[in-house]
Amino acid sequence: MKNFFHRESGKGFGEMQKWFRGLVGCLALIAILVPARTNAQRAGAFVDVLTVNGAIDTWIEGYINRGIGVAEQDGAEAVVIVLNTPGGALGAMQNITTRMLNARVPVIIYVAPAGAAAASAGTFITLAANVAAMAPGTTIGAAHPVAGGGANIEGDERAKITNYSVALIQNIARERNHNADWAAKAVRDSIAATAQEALELKVIDLIATDQNDLLNKLDGRKVKTAAGERTLQTLRAGATTIELNFAEIFFHTLVDPNIALILLQIGLLAIAVELYNPGATIPAITGGICLVLAFVALGNLPVNWGGVILIVLSVVVFILDVKVNSFVLTAGGIVMFILGGLLLFTPFTPIGPTLPEVSINPLILFGAAGAMAVFFVFLLGAAVRGKKYPVLSGAEVLVGANGFALSDLAPNGTVQVKSEQWSAVAESGAIEKGAEIRVVALEGLRLKVVKK
């Protein structure tokens, strides 16, 4: 009986081993086949998606260039750039459009969400796409070259900038079979169009309510890339998001007129502190970093350097006010700072058609002016005035102080003054233990006291 059960158990165990090995084999086969199938599907049915919000600058240029490069390498069906911009730097725009026109993967511009715009530089970029799409409720256009503050450019300079911009945008539009005549008017006459108007005028190729609708409508379209003609297969395609990296987010955030002003102010204040406290080091480092970042931001915005000079001069006036303590200088510094802020982004020289019109939030400007006045008049001013007073430390502060005798003084003994014990000598008669005393002089490390 024992042998029978042993044989049966061995037989059952062997069958179980075979069943288990079969299960493992099936799971291994599934593990191999499913990822391979998923990757095959992914390779032919996904797009890379980039999102661009705000001004077109060097870092957005790098982001788009990187995104197109990734799409060219990872087998994406296309790269979709979701765009919402007021415009940006001419150099960055030209580099982006050049990269798009020479991309080996289809580049789709999608102006979205509702309320978004592809203005100024955004118009050039949208027209450079293989397929230009817009969401309902969006706008495109208004790429007319203007002077700072929105004034029209007059004379030969205006004609020169306008003609160059028209030639550039028409070349881009013709290359992508978009309406070159409308593109020229967007520059010459600063016209704009809604999504529906742009579609009817053949400025764009389609209107899509959302990203899924866009991919469905793109399916089957034939586009011309640097690698040849391709037919888009995006029906029910997946989407891989390519995010801005940390450096791109950080520096792109700086390209804001309000942040530029605040960085400039902090940098100047920190340098002023270092001048009053040479060797402090930290203010100098902080000021240097903030000023460099401020100039990086200003370099990507239409700047009136006269405004920068006024802001710097306002700091100089405040520094003088700390020494002189004059109401006139304080008021003058505030006025100069506010005028500098108002002029900071209204350049006298003409700006290109790609740059957006920017300005500083009045609340931030007046708040910064008030903070500047408070810093110099109350904080730095108080610190500087405090340096003029004689410094009393150690035993010097004991003269005139009160205490009591710890022992009889006849005339020598011990007293306690300011919670410390001192050797003392009575100046006018013996003093009994416990009596209150007053310090009248200091002789070395011994106090001269009298009975209070």
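Worth pointing out:
- Neighbour counts of C-beta atoms inside 10 Å place I338, I172 in the sequence I338, I172, starting with the fewest.
- Efficiency of FRET between A247 and V397 - r from beta-carbon atoms, R0 56 angstrom, step 0.05: 0.55
- Likely footprinting exposure, V315, V70, V358, V440, fewest C-beta neighbours within 10 Å first: V440, V70, V358, V315
Values in this text are rule-based calculations from the coordinates and carry no lab data. Predicted, not measured: the structure shown is a model, and the values here were computed from it. For neighbour counting, all protein chains shown are included, and Cβ atoms are generated from backbone atoms with ideal geometry for every residue, glycine included.
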